[in-house]
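These notes concern the structure reproduced below.
What follows draws every value from the coordinates through simple rules; no lab data is involved. The structure presented is a predicted model; accordingly, all values stated were derived computationally and were not measured. Every residue, glycine among them, receives a Cβ derived from its backbone with ideal geometry; neighbour counts consider all protein chains shown.
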Amino acid sequence: MKKLNELVRLVSGTPQFRITEAFDEKTPVFTYYSQTDLTDDLVGVTSNDVHNKQVRTNDKVNTLCQGDVVFSLITGIATMIRKEHQGYLYTQNYVKLLPGKNIDSKFLVYLINENKTIKKQFMLGLQGSQVLKYTLKQLKELEIPKIPSIDKQKIIGQVYFSQLRLQTLRNRAAELETKIRLSKLEEAMKR
């Protein structure tokens with residue numbers, strides 16, 4: 001069995017407390033990547049009313065690119081960055097996973113989020129700790145089960161992301177239908 005750090009290179013996010021804020025208007029502005037952004041990237045939709053924090057700094061900070069795989073040390077969920085979040089700054093709460101040539105990015109997300117062996121390893125690592133937070137060491141040490149050929153990985157990863165998107169769209173449709181029905185009932189009460 002291989003460990004995750006044999007298949008991917010891990011890059012921690014920029015520690016937020018180390019970022020020196022600048023107030024000069026010529027200084028670049030960075031938008032912080034958030035938990036909502038991560039969920040949106042995973043299910044392929046965009047949430048309304050998201051107001052991400054921003055910072056102006058001349059510091060060298062770690063940013064995201066479309067197609068990057070990111071893991072949240074807070075929720076233990078991985079995703080793949082969409083175009084909407086290109087250039088966002090990621091903090092120490094996230095780790096970027098740069099897959100080698102033997103592992104497909106979308107498959108890697110599927111593996112981390114859904115594989116029972118990996119979930120069990122995470123749960124064992126969290127037992128007894130007061131704050132439920134995953135660690136970089138824990139991530140590096142994950143034992144990865146035997147993985148299929150790259151062609152199979154690509155199919156599995158694509159189906160996984162398509163299924164999550166479909167599920168989310170169905171849920172949104174159901175919520176809208178409920179709102180419409182409730183407003184019709186409200187109107188019927190007034191007549």
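Suppose each label sits 7 Å from its Cα in the direction of the beta carbon; what would the M189-R172 distance come out to in nanometres?
Once both label points are built, they end up 2.9 nm from each other.
Would you kindly state how much longer the chain becomes between E141 and Q35 on full extension, computed as 0.36 nm times their sequence separation minus their alpha carbon distance, in nm to one decimal? All intermediate terms of the calculation are to be shown ahead of the outcome.
Numbers: separation 106, 0.36 × 106 = 38.16 nm, distance 2.38 nm.
In short, 35.8 nm is gained.
Take the range 65-176, compute every pairwise Cα distance, and split them into 10 Å bins from 0; I just need the percent in each bin.
Taking every Cα pair in the range 65-176, the percentages come to 13, 40, 35, 12, 0.
Alpha carbons only, please: Rg and Dmax for the chain, in angstrom.
My reading of the Cα-based Rg and Dmax gives 19.7, 68 Å.
What distance in nm separates the simple spin-label points at F122 and R18, each placed 7 Å from Cα in the Cβ direction?
The two pseudo-label positions are separated by 2.6 nm.
What spacing in nm lies between the two simple spin-label points modelled at R9 and S47, each 7 Å away from Cα in the Cβ direction?
Using points 7 Å along Cα→Cβ, the separation is 3.1 nm.
Sorted by mean Cβ packing within 10 Å, highest first, what order do the peptides 146-155, 178-187, 79-88 take?
79-88, 146-155, 178-187
Nearest 20 debye, what's the magnitude of the dipole of the range 11-61 about its Cα centre given +1 on Lys and Arg Cβ and -1 on Asp and Glu Cβ? All intermediate terms of the calculation are to be shown ahead of the outcome.
Details: 5 positive and 8 negative charges, 48 e Å.
Its charge dipole is roughly 240 debye.
Over all directions, the average projected area of the alpha-carbon convex hull for the range 38-77 comes to how many nm²?
If you wrap the Cα atoms of the range 38-77 in a convex hull and average its projections, you get 4.1 nm².
Where does the chain land at 222 nm, in deg cm²/dmol rounded to the nearest 500, when only DSSP H runs of n ≥ 4 count, each adding -39500 (n - 2.57), divided by all residues?
-13500 deg cm²/dmol
Students often forget the sequence filter, so: which lysines lie under 19 Å Cα-Cα from K60 once same-chain residues fewer than 8 apart are removed?
The reachable lysines, counting only those whose Cα sits under 19 Å from K60, are K26, K96.
Give me the number: length gained by fully extending I77 to S149, i.e. 0.36 nm times residue separation minus the C-alpha to C-alpha distance, one decimal in nm.
Here the segment from I77 to S149 would lengthen by 23.6 nm.
Quick one: if you take sqrt(5λ) for each eigenvalue of the C-alpha gyration tensor of the range 1-92, what semi-axes come out, biggest first, whole angstrom?
They are 24, 18, 11 Å, listed from largest to smallest.
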